[in-house]
Amino acid sequence: MNKSTPSLWKATFAIVRKDLAAEFRSFELVSAMLVFSLLVIIIFNFALELDIKVREAANAGILWTTFAFAGTLGLNRSMSVEKDRGCMDGLLLAPVDRSAIYFGKALSNLAFMFIVEAIVIPMYSMLYNVNLFRIDLLVVILLGSIGYAAVGTLLAAMSVQTRMREVLLPILLFPVAIPVLLAAVKCSSGLLAGDPFSDILTPFNLLLVYDIIFIAIAFMTFDFVVEE
Amino acid sequence: MQPRPIGLKILDVVTIIVLAISAYLALFFAPTEKVMGEVQRVFYFHIGTAWVGLLGFVIAAIAGIAYLVSKNMLWDRFEVAAVEVSTVFFFITIVLGSIWARPAWNTWWTWDPRLTTAAITELIYIAYFMLRQGIEEPEKRARFGAVYTLLGGISAPITFMVIRLFRTIHPVVIGSANGTQEKMSMSGDMKIAFFFALFAFTVIFVDMIWHRLRLSALEEKVESLKLNASM
Amino acid sequence: MFLLLEEAPDTFGYMILGYAFFSVVMIAYVASMYVRNRNLKRDLETLESIQAEEAKPTKRQ
């Protein structure tokens, strides 16, 4: 690597900045994810007849289902934009490490998920009268979203290059992301039920393990997914 | 396409013989299990198919890594063969388990960790074929397939560990029925049928992989000819 | 529940169902391999004959 090559961090943040700047100009993606999330929550409300008892057991599941669905929307969009406008080729030609592209896209996907979550969580708290603003719960949401975005970015990069494109992403992503979603649900429902932290230590550890393993794999295999 | 090599011809015959012997052992030789009755005979083929199913998925993940490292299409063929044959066998495993569960647990299905993980694993590999179908260039298809088998192979065991946390109510159902209890009550003749089924399905698996590899080789040949013809 | 029963329950039908299912899937899979193989061979022959024709200097109209 010569001296003119920007460092991994610099390149990564340049990509994140690019994505965020493009998004903040129109708020297309975030607003779509947000409206979609609210619709999912409303549908769940009536589909499950959420009275107070059912709701206490179902809160964590509904939240994570919403995040996962909205996340898929965002992942698909952010990758197909790159593909359609030919930006991906530009990024690949740029003299940066390929892993910078992966980390950049994963971080901006994560940022979109966070923005949506930052609005959905207070709304959900208000609509259903539960307090979701707890530091331990927010840590779980952070870890779950990281794992989901890590695998999702890799698989979205794959699915946009296939014939079925957007349709394929959930089919590829959900079965592989089940462990992270279920571990996150298990942690969240334990926390919401007021269990002590020691009780949710096992799912919490699995969440961490999943994050570490899948970030590592996605980082190692992303090269093979974008190479031409 | 060359005619079948002599080794494969022999293996075909051996496969049919061991399958027949294994079926005989399972259906007639092994004594009827006292608690379960005749349906317990399904268990021998259930275990046999499950064993080669899992073996194939492990082989596929290894072949995927080998492909990514070497970029040799032979590994891709191995991966496809292993995943396809295993998907068929694993499907049989799930349904046979379900048929066994109906009289045993009075339900076709429980959301037990093993059953759920098996179903999710099967879905991962069905998704694998959908992914491959959507890609035209053989080289890219091989790359994406390899990455996905790798992801699937690693996420399946984690799925099992996570789901076990949810279903703490009845972990004993399958554990005692297939594991400790069954083992204790498994007589000598049952053990013979059991181990022979494992051996027989390994032979069947190798034979099918071999056939599938030849099919892939033929597919590749036709594909490259088509590319030439269209150019 | 079954432990209380003296005689083994009659589950013969389920056993037949299990092995019948196994046979059907295996036969179907082997048949699918055979059909795919046959179709590919046919494609190969067609493609090879096209190529052979193109190789000739005078093309058939």
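The values are calculated or read from the model by the stated rules, or taken from the named source; none is laboratory data. Since the structure is predicted, the reported quantities are computational estimates derived from the model, not experimental observations. Don't worry about glycine lacking a Cβ; one is built from the backbone with ideal geometry, like all the others, and counts go over all protein chains shown. Surface accessibility is based on the protein's heavy atoms, side chains included, excluding ligands, DNA and RNA. Shrake-Rupley method; radii C 1.70, N 1.55, O 1.52, S 1.80 Å.
Yes or no, residue by residue, for (1) over 18 Å from residue B:35 (Cβ atoms); (2) part of a helix (DSSP H, G or I); (3) open to solvent by 40 Å² or more (accessible area, probe 1.4 Å); (4) of a type outside the set (Lys, Arg):
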| position | (1), (2), (3), (4) |
| --- | --- |
| B:82 | yes, yes, no, yes |
| B:86 | yes, yes, no, yes |
| B:90 | yes, yes, no, yes |
| B:93 | yes, yes, no, yes |
| B:101 | no, yes, no, yes |
| B:109 | yes, no, yes, yes |
Checklist line | When residues of region A:1-50 are limited to those that are in a helix (DSSP H, G or I) and of a type in the set (Lys, Arg), the one surrounded by the most Cβ atoms within 10 Å (Cβ to Cβ) | finding: A:18
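Let's see how each residue does on (1) at pLDDT below 80; (2) more than 7 Å from chain B (Cβ to nearest Cβ); (3) loosely packed, with under 11 Cβ neighbours inside 10 Å; (4) in a helix (DSSP H, G or I):
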{"position": "C:8", "(1), (2), (3), (4)": "yes, no, no, no"}
{"position": "C:21", "(1), (2), (3), (4)": "no, no, no, yes"}
{"position": "C:25", "(1), (2), (3), (4)": "no, no, no, yes"}
{"position": "C:33", "(1), (2), (3), (4)": "no, no, no, yes"}
{"position": "C:36", "(1), (2), (3), (4)": "no, no, no, yes"}
{"position": "C:40", "(1), (2), (3), (4)": "no, no, no, yes"}
{"position": "C:49", "(1), (2), (3), (4)": "no, yes, yes, yes"}
Check: Does region B:206-226 contain any residue that is more than 14 Å from chain A (Cβ to nearest Cβ), over 30 Å from residue C:48 (Cα atoms) and either open to solvent by 20 Å² or more (accessible area, probe 1.4 Å) or at pLDDT 75 or above (or both)?
Finding: yes
Next item on the list: Give just the number: which of (1) part of a helix (DSSP H, G or I); (2) in contact (Cβ under 8 Å) with a residue 40 or more places away in the chain; (3) not acidic (Asp, Glu) does residue A:161 not satisfy?
Entry: (1)
Note to self: Test of understanding: among B:144, B:199, which residue is surrounded by fewer than 18 Cβ atoms within 10 Å (Cβ to Cβ), modelled with pLDDT of 85 or more and out of contact with any Cys (no Cβ under 9 Å at 6 or more places or on another chain)?
What the structure shows: B:199
Checklist line | residue A:40 under 19 Å from residue A:148 (Cα atoms) and either without any contact (Cβ under 8 Å) to a residue 40 or more places away in the chain or of a type in the set (Val, Ile, Thr) (or both) | finding: yes
Check: Given A:168, A:191, which one is surrounded by fewer than 24 Cβ atoms within 10 Å (Cβ to Cβ) and either under 19 Å from residue A:61 (Cα atoms) or touching a strand residue (DSSP E or B) at 6+ places or on another chain (Cβ under 9 Å) (or both)?
Finding: A:191
